[in-house]
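Notes follow the structure.
The values are calculated or read from the model by the stated rules, or taken from the named source; none is laboratory data. Note that this is a predicted model, so its numbers are computed, not measured. Cβ placement follows ideal geometry from the backbone for every residue including glycine, while neighbour counts extend to all protein chains displayed.
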Ligand code: 5GP
């Protein structure tokens with residue numbers, strides 16, 4: 001079905017499995033764009049500039065923020081992250097769906113500008129799993145793991161205002177849940193009504 005350009009916002013604590021979920025779902029829906037954020041965090045092994053993130057210095061980020069480049073931005077775990085306004089506007093102008101994977105502070109800012117976007121929160125099945133996932137990820141220093149765990153408790157408190165909550169216990173099932181949300185969103189009345197109105201008009 002033709003899309004009107006939906007905005008999907010995916011949040012959840014580090015270790016909830018957002019990135020794996022996002023990667024898998026974007027394989028099912030290759031037409032859904034992914035918003036590549038800017039960050040001041042250094043690249044992890046294997047991360048590619050322009051694909052995973054746009055890696056910039058704190059000075060550059062601050063200058064960009066001042067120039068209004070970001071539709072939302074936040075400091076997370078001591079680094080800055082931001083979503084490019086232009087990237088988002090281009091997608092929506094072209095009526096293409098876009099997925100943002102951003103933290104809860106950023107999601108609140110997006111909610112203020114796009115109240116009808118679809119907000120999805122990914123939860124770990126329990127705290128032990130969250131800790132284990134963070135420890136075994138091996139990409140973070142021990143200090144960072146601690147700060148990410150502390151931050152997780154705060155982020156989880158934000159889950160109730162999201163439209164959908166996905167408990168990521170078994171990845172396959174979480175992928176199915178997110179795919180179902182994307183499909184259902186495309187059938188929301190505001191997406192379909194313009195076509196319905198066309199039907200009512202005589203040729
Ligand atoms: P990581 O460093 O693990 O890639 O990301 C840390 C956190 O920053 C995650 O919760 C991720 O969703 C969030 N994040 C990534 N990009 C953005 C962004 O553009 N804006 C905001 N607000 N958060 C982001």
- Query: Could you list, in sequence order, the residues of segment 146-157 that are surrounded by fewer than 18 Cβ atoms within 10 Å (Cβ to Cβ) and touching a helix residue (DSSP H, G or I) at 6+ places or on another chain (Cβ under 7 Å)?
  - Reply: 149
- Pairs only if they're at least six apart or on different chains, beta carbon under 9 angstrom, first in segment 52-68 and within 30 Å of residue 23 (Cβ to Cβ), second at pLDDT below 95 and loosely packed, with under 12 Cβ neighbours inside 10 Å; list them, first residue then second. 52/46
- Task: With respect to residue 123, determine if the residue is buried (at least 18 other Cβ atoms within 10 Å of the Cβ) and either over 21 Å from residue 75 (Cα atoms) or at pLDDT 95 or above (or both).
- Result: yes
- Query: What residue, of 131, 176, 172, is surrounded by 14 or more Cβ atoms within 10 Å (Cβ to Cβ), touching a helix residue (DSSP H, G or I) at 6+ places or on another chain (Cβ under 9 Å) and in a helix (DSSP H, G or I)?
  - Reply: 131
- Message: Among (1) out of contact with any helix residue (DSSP H, G or I) (no Cβ under 6 Å at 6 or more places or on another chain); (2) in contact (Cβ under 8 Å) with a residue 60 or more places away in the chain, there is one condition residue 101 misses while meeting the rest; what is its number?
- Response: (1)
- Item | Enumeration of residues in segment 29-44 that are under 24 Å from residue 90 (Cα atoms) and surrounded by 14 or more Cβ atoms within 10 Å (Cβ to Cβ) | 29, 32, 33, 34, 35, 36, 37, 38, 39, 40
- Message: Let me confirm something: among 152, 184, 112, which residue is touching a residue at least 12 places away in the same chain (Cβ under 8 Å) and not in a loop (DSSP other than H, G, I, E, B)?
- Response: 152
- Check on residue 76, modelled with pLDDT under 95, in contact with a helix residue (DSSP H, G or I) (Cβ under 8 Å, 6 or more places away or on another chain), surrounded by 15 or more Cβ atoms within 10 Å (Cβ to Cβ) and under 19 Å from residue 158 (Cβ atoms): yes
